[in-house]
Amino acid sequence: MLIDLKVLLLRKGISQKELAGAIDLSCGQVSRLINGRVRLRASHKRRIAQFLRVPQSQISAEKLSNSAFV
């Protein structure tokens, strides 16, 4: 099951700033990844998965539709 990156961060109580520092990206780059403005590269996905301790296959950076919360 794919889990949106923003949701993963919220569930784990991790800020975008903490993630940025852990994976050596700027806060702006992380924000663009989370909001789907830039493509999530395999190298970023691997580092994010390692930091969050989740399988890479679960990470998605696509925008969720409003219906996902209904």
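Could you rank R47, R39, R53 by how accessible they are, 1.4 Å probe, largest area first? Walk me through the numbers on the way to the answer.
On the way: R47 80, R39 185, R53 210 Å².
Accessible-area ranking of R47, R39, R53, largest first: R53, R39, R47.
When the dipole is taken about the Cα centre of the range 1-54, and only Lys, Arg (+1) and Asp, Glu (-1) are charged at their Cβ, what size is it in debye, to the nearest 20?
Details: 12 positive and 3 negative charges, 29 e Å.
So the magnitude is around 140 debye.
The values are calculated or read from the model by the stated rules, or taken from the named source; none is laboratory data. Please read these numbers as outputs of a predicted model, since none were measured by experiment. Every residue, glycine among them, receives a Cβ derived from its backbone with ideal geometry; neighbour counts consider all protein chains shown. To get the accessible areas, we keep the full protein, side chains included, count just its heavy atoms, and leave off ligands, DNA and RNA. Shrake-Rupley method; radii C 1.70, N 1.55, O 1.52, S 1.80 Å.
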